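Comments concern the structure below.
The values are calculated or read from the model by the stated rules, or taken from the named source; none is laboratory data. Here the structure is a predicted model, which means the values were calculated and not measured. Note that each Cβ is placed from the backbone with ideal geometry, even for glycine, and that neighbours are counted across all protein chains shown. Note: areas computed on protein heavy atoms with side chains; ligands, DNA, RNA excluded. Shrake-Rupley method; radii C 1.70, N 1.55, O 1.52, S 1.80 Å.
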Amino acid sequence: MRTVIVGAGLIGLTTAQALAERGEEVLVLEAREGVGLETSFANGGMLTPSMPEPWNGPGVFGHLLTSLFNPHAAMKLRLGAVPSLMTWGIGFIRNSSTRRYLSASLNNYRMSCYSIQKTLDISRRLELSYDLSEQGTLCIFKDPGQMEERRILCKYLEDYGLSAEELDAEQVIAREPALGPIRNRLIGGIWLPDDARGDAHLFCRELESVIVAEGGEIRTGTSVSGIATKGGKVCGVEIGNELLEAERVVIAAGSHSPALLATAGQSLAVKPAKGYSITFDGSSLDRLPDVAIGDDALHAVITTFGKRLRVVGTAEFTGFDKSLTKERIDNLFHVLDTVLPEQSAVLDRSQASAWAGLRPMSNDGKPFIGVSAVGGLFVNTGHGALGWTMAMGSANLLADQMCGTVAEIDGKPFDARR
Ligand SMILES: Cc1cc2nc3c(=O)[nH]c(=O)nc-3n(C[C@H](O)[C@H](O)[C@H](O)COP(=O)(O)OP(=O)(O)OC[C@H]3O[C@@H](n4cnc5c(N)ncnc54)[C@H](O)[C@@H]3O)c2cc1C
């Protein structure tokens with residue numbers, strides 16, 4: 001039985017690979033001219049089971065309200081986007097209670113641990129090349145309140161297997177000497193050794209070859225306009241006036257998934273949360289950081305992929321607009337100035353590649369994985385800020401569900417019909 005997968009980002013491609021590996025026939029349809037060119041293109045590349053928390057933690061409502069008037073807020077709500085966020089937003093706020101926040105964090109943590117293992121397994125088995133580094137993440141802090149927040153979450157997750165080590169400022173510098181110039185501003189850090197990182201777009205390109213080698217097909221430049229159903233079951237997808245028949249369809253179209261699902265009468269609580277990155281060629285630098293550096297106060301991370309240095313961060317609710325806003329890009333330059341002033345002074349800003357992508361954000365902080373209310377129509381989306389971290393795990397969970405095999409992880413928290 002052929003499965004059509006809509007979307008060739010991290011989620012669609014990992015789904016196709018997991019199905020192909022199980023002997024299933026797969027056809028991936030992608031609107032763009034290549035794979036991984038949307039949100040999976042220049043993201044942070046962090047594989048971080050250590051940071052599984054949804055963004056709608058306790059206090060998010062106040063933060064969003066004040067962000068309306070602050071162009072530099074780490075998470076920013078634009079007034080123009082408010083009408084399109086009403087129903088979704090009520091759920092976003094409702095799910096920000098401490099109990100729901102911790103529950104979502106734990107479910108995402110379990111999925112992320114499973115997923116990173118699957119990612120590392122396939123990378124070793126097939127010798128995939130995407131600048132993978134298994135060094136951990138170093139969270140740095142200048143503010144005791146911020147450090148306490150991260151400490152509380154780490155302590156909670158330690159009971160479920162997270163490794164986290166608290167460091168004083170000297171130990172932070174010993175772990176990452178590139179932070180030496182800001183020693184006096186740091187109060188400490190938390191070292192998260194089990195995280196990894198790698199270039200998500202290169203991974204997509206590698207998976208493309210794997211899927212084709214396993215007998216699958218990927219059609220780029222093909223935009224799906226709707227889902228065709230008959231008698232409560234899916235019967236294919238529409239591409240303009242053409243019907244492409246299929247008994248099973250997986251929607252993995254990122255932030256565009258709700259619009260496609262609506263054509264089959266299905267709704268999904270996913271909205272785009274825009275984020276930015278700037279990438280430098282760091283080959284002229286004497287010293288690049290070995291570890292990924294996270295700064296919770298700035299809601300940002302600095303990562304390296306080989307000789308490339310990337311600064312990533314900020315979230316903006318502004319609909320589907322992907323334009324590069326100067327003040328948001330300036331925020332990232334500010335992160336670089338603040339965290340790595342020596343490198344910042346040397347790097348040529350005019351050579352930085354700036355990028356923006358739309359995180360597909362669910363309103364309860366967890367992805368939607370599984371069958372919809374329409375027979376044969378499956379969903380794999382809503383991974384928000386953790387789509388790279390959770391891609392391989394989500395794909396394997398869905399593939400097991402579709403093939404009727406026992407899944408290695410509990411799928412209930414991610415049920416697409418919740
Ligand atoms: C700034 C930023 C930093 C991030 N950093 C990290 C990180 O460090 N770690 C992490 O785990 N996650 C990170 N993320 C999140 C991660 O990038 C996303 O969760 C992930 O890329 C989502 O993948 P996806 O396949 O669902 O969506 P996409 O990559 O957007 O793929 C969806 C695909 O569907 C296609 N499509 C849409 N509609 C149609 C249609 N009608 N017909 C055919 N094709 C269609 C699109 O063209 C697209 O290629 C970050 C995101 C951003 C924006």
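What the table below lists for this structure:
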{"read-out": "Enumeration of residues in segment 260-291 that are open to solvent by 70 Å² or more (accessible area, probe 1.4 Å) and not polar (S, T, N, Q)", "value": "Asp281, Asp286, Arg287, Asp290"}
{"read-out": "In segment 392-414, the residues that are open to solvent by 50 Å² or more (accessible area, probe 1.4 Å) and touching a residue at least 40 places away in the same chain (Cβ under 8 Å)", "value": "Thr405, Glu408, Asp410"}
{"read-out": "Matching entry among Arg183, Arg124 (being open to solvent by 50 Å² or more (accessible area, probe 1.4 Å), free of Cβ contacts under 8 Å to residues at least 12 places away in the same chain and either closer than 30 Å to Ala213 by Cβ or not in a loop (DSSP other than H, G, I, E, B) (or both))", "value": "Arg124"}
{"read-out": "Answer residue from segment 370-382, given it is open to solvent by 10 Å² or more (accessible area, probe 1.4 Å) and touching a helix residue (DSSP H, G or I) at 6+ places or on another chain (Cβ under 8 Å) and is nearest to the ligand (Cβ to nearest atom) among those", "value": "Phe378"}
{"read-out": "Residues that are in contact with a helix residue (DSSP H, G or I) (Cβ under 6 Å, 6 or more places away or on another chain) and within 13 Å of the ligand (Cβ to nearest atom), drawn from segment 17-30", "value": "Gln17, Val28"}
{"read-out": "Pairs, first assigned to a helix (DSSP H, G or I) in segment 154-174, second of a type in the set (Val, Ile, Thr) and at pLDDT below 95, C-beta under 9 Å, six or more apart", "value": "none"}
{"read-out": "Strands (runs of 3 or more DSSP E) fully within segment 274-373 counting 2 or more residues that are polar (S, T, N, Q)", "value": "300-305, 353-362"}
{"read-out": "Meets criteria (within 16 Å of the ligand (Cβ to nearest atom) and under 25 Å from the mean Cα position of the chain (by Cα)) for Ser209", "value": "no"}
{"read-out": "Segment 31-49 - residue that is more than 7 Å from the ligand (Cβ to nearest atom) and among the small types (Gly, Ala, Ser) and, of those, farthest from Phe280 (Cα to Cα)", "value": "Gly34"}
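Quick grid of which residues meet (1) aromatic (Phe, Trp, Tyr); (2) open to solvent by 70 Å² or more (accessible area, probe 1.4 Å); (3) touching a residue at least 24 places away in the same chain (Cβ under 8 Å); (4) under 18 Å from Ile302 (Cα atoms):
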| site | (1), (2), (3), (4) |
| --- | --- |
| Ser84 | no, no, yes, no |
| Gly91 | no, no, yes, no |
| Tyr130 | yes, no, yes, yes |
| Glu134 | no, yes, yes, yes |
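Here's the yes/no breakdown for (1) closer than 30 Å to Asn56 by Cα; (2) over 28 Å from the mean Cα position of the chain (by Cα); (3) more than 14 Å from the ligand (Cβ to nearest atom); (4) without any contact (Cβ under 8 Å) to a residue 24 or more places away in the chain:
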| site | (1), (2), (3), (4) |
| --- | --- |
| Ala213 | no, no, yes, yes |
| Gly221 | no, no, no, no |
| Gly226 | no, no, no, no |
| Lys230 | no, yes, yes, yes |
| Val237 | no, no, no, no |
| Val250 | yes, no, no, no |
| Gly254 | yes, no, no, no |
| Gly265 | yes, no, yes, no |
| Ala269 | yes, no, yes, no |
